[in-house]
Every structure is written in C-alpha cells, then in structure tokens.
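Coordinate-derived values only; no laboratory data. None of the values given here were measured: they were computed from a predicted structure. All Cβ positions, even for glycine, are placed from backbone atoms using ideal geometry, and neighbour counts span all protein chains on display.
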Amino acid sequence: MSTLSFLKQVVRANRSTGAIAPSGKQLAEVLTDMAGVSEAKVIVEYGPGTGVFTEAILAKKQLDAYFLALEVNDQFAEITRERFPEAHVVHDCAQNAHVYLKEAGFSGCDTIVSGLPWTLFDDALQNEILEATYNVLEPGGKFVTFAYAMSPYIPSGRKFFREKMVERFGAVGRSKHIWKNLPPCVVFIAEK
Ligand SMILES: C[S@@+](CC[C@H](N)C(=O)[O-])C[C@H]1O[C@@H](n2cnc3c(N)ncnc32)[C@H](O)[C@@H]1O
C-alpha cells in the first residue's frame with residue numbers, strides 16, 4: 001500500500017520526492033541508531049514520505065520525547081499522519097521546524113533525521129535548509145541524513161555531502177554502504 005502511494009507521488013511530485021520507492025527498514029534502523037533517537041528529548045524528522053523512518057523513530061524514542069515531522073507534500077503528510085496518529089506531522093517545509101518547536105515550547109532539537117532528496121535541490125535551497133538545520137539544533141545536536149550511493153558522484157550531491165556539510169559542521173562521519181536498500185545508500189552524520 002505505501003509503495004503504491006509512494007509511486008503516485010513520484011509521478012505527481014517528482015521534483016521533491018527524489019526516490020523511486022520508500023526506503024528500506026535496514027536504512028531506517030541505521031539512520032535512527034546513528035541519530036541517537038533513543039536518547040534524544042526533542043526529535044525532528046524531515047520528509048517522512050510514507051513513514052518508514054517515522055515508524056523506526058516511534059519504536060525507539062523515549063515515551064516523553066517530543067517528536068515533530070515536517071513534510072512538504074500534502075498527501076505524504078496525510079498518509080503518515082493516518083498511519084501514525086501519535087506522531088506530530090505538519091505539512092510544511094523542513095526549514096520551518098523552528099516555528100513549530102517554538103510553538104511547542106522548545107528552543108531547538110537534539111537530533112534531526114532527514115529523508116530529504118538533497119541532490120535534487122538547487123544551490124539556494126540546499127543552503128537555506130542546511131542553515132536552518134544548523135540553527136535549530138541545540139549544541140551537541142546531531143544531523144543525520146542519507147544519500148544514494150551514486151549521489152556523491154552527481155555535482156549537486158558531491159557539493160552537498162562532501163563540501164557544504166563539512167563547511168557548516170566542521171566534520172562529517174559516514175556509515176558503511178547499506179546494500180539492502182533500493183538504491184543502495186550511505187548515511188552521513190554531523191554534530192553541532
Ligand atoms: C526521498 S523521499 C524520502 C521519503 C521517506 N523518508 C523514505 O525514506 O521513504 C523525500 C521526501 O522529502 C519530502 N520533501 C522534499 N522537500 C522537502 C522539504 N523542503 N521539506 C519537507 N519535506 C520535503 C518529499 O515530499 C518526500 O516525502
């Protein structure tokens with residue numbers, strides 16, 4: 001069901017979806033472990049799509065941790081909200097996370113789990129979201145995001161993962177390749 005829903009959005013909104021299928025569970029596990037979801041008090045997810053990472057976050061987070069997900073596609077937002085009524089899913093851009101955190105009484109977040117298709121974004125949008133990401137993280141906060149294995153070889157991907165993330169955060173770590181995903185991918189992590 002969620003693969004079919006995903007495919008419909010690939011056709012309808014291919015410039016913001018940036019994938020051919022929902023991510024696999026193994027990627028969701030690695031991403032949420034690296035993000036330290038089980039220790040975080042305030043968690044933000046960017047671009048939940050049909051909710052693969054959302055499900056892993058909900059399974060690992062502490063009961064009293066606050067969890068906000070931002071999804072730019074109205075239909076994906078609706079699907080994830082329906083699948084996970086306990087998640088706070090808003091239909092808005094990732095760069096506005098600070099607005100909703102402030103409304104909920106938080107000055108920032110401890111970790112960000114990103115499902116965004118950075119390689120599809122132009123230079124200005126990459127810069128805008130990266131800057132907002134850095135600003136919304138508390139000191140010591142983690143930013144965890146994934147790239148398809150070929151992304152660092154595409155100019156916009158190389159620039160984002162190999163240059164901009166390093167320039168903004170100082171150092172960037174990465175996982176081994178996750179082969180059990182379509183397409184295979186790598187997780188990148190940076191700390192404020
Ligand atoms: C590659 S899909 C990943 C979906 C899901 N996390 C997964 O891994 O299966 C990218 C998601 O990011 C969303 N998205 C794109 N730009 C966004 C933005 N500026 N703010 C929030 N979500 C965005 C898309 O609508 C889509 O749901």
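At-a-glance table
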item: Tally of residues being under 25 Å from residue 77 (Cβ atoms) and either crowded, with 19+ Cβ neighbours inside 10 Å or of a type in the set (Ser, Thr, Tyr) (or both) across the range 130-155; result: 14
item: Condition broken by residue 114, with the remaining ones in (1) of a type in the set (Ser, Thr, Tyr); (2) buried (at least 20 other Cβ atoms within 10 Å of the Cβ); (3) more than 23 Å from residue 50 (Cα to Cα) satisfied; result: (3)
item: Any helices (runs of 4 or more DSSP H) falling wholly within the range 9-104 and containing at least 2 residues that are near the ligand (Cβ under 10 Å from one of its atoms); result: 14-17, 25-34, 52-60, 74-83
item: Tally of residues being buried (at least 23 other Cβ atoms within 10 Å of the Cβ) and of a type in the set (A, V, I, L, M) across the range 57-78; result: 3
item: Residue selected from the range 117-128 under the condition touching a residue at least 40 places away in the same chain (Cβ under 8 Å) and either surrounded by fewer than 18 Cβ atoms within 10 Å (Cβ to Cβ) or of a type in the set (A, V, I, L, M, F, W, C) (or both), by the criterion farthest from residue 34 (Cα to Cα); result: 120
item: Residues (surrounded by 18 or more Cβ atoms within 10 Å (Cβ to Cβ) and under 21 Å from residue 39 (Cβ atoms)) located in the range 85-107; result: 87, 97, 101, 106
item: First in the range 90-105 and within 13 Å of residue 46 (Cα to Cα), second anywhere and in a loop (DSSP other than H, G, I, E, B) and within 12 Å of the ligand (Cβ to nearest atom), Cβ under 6 Å, 6 or more apart; result: 93/72
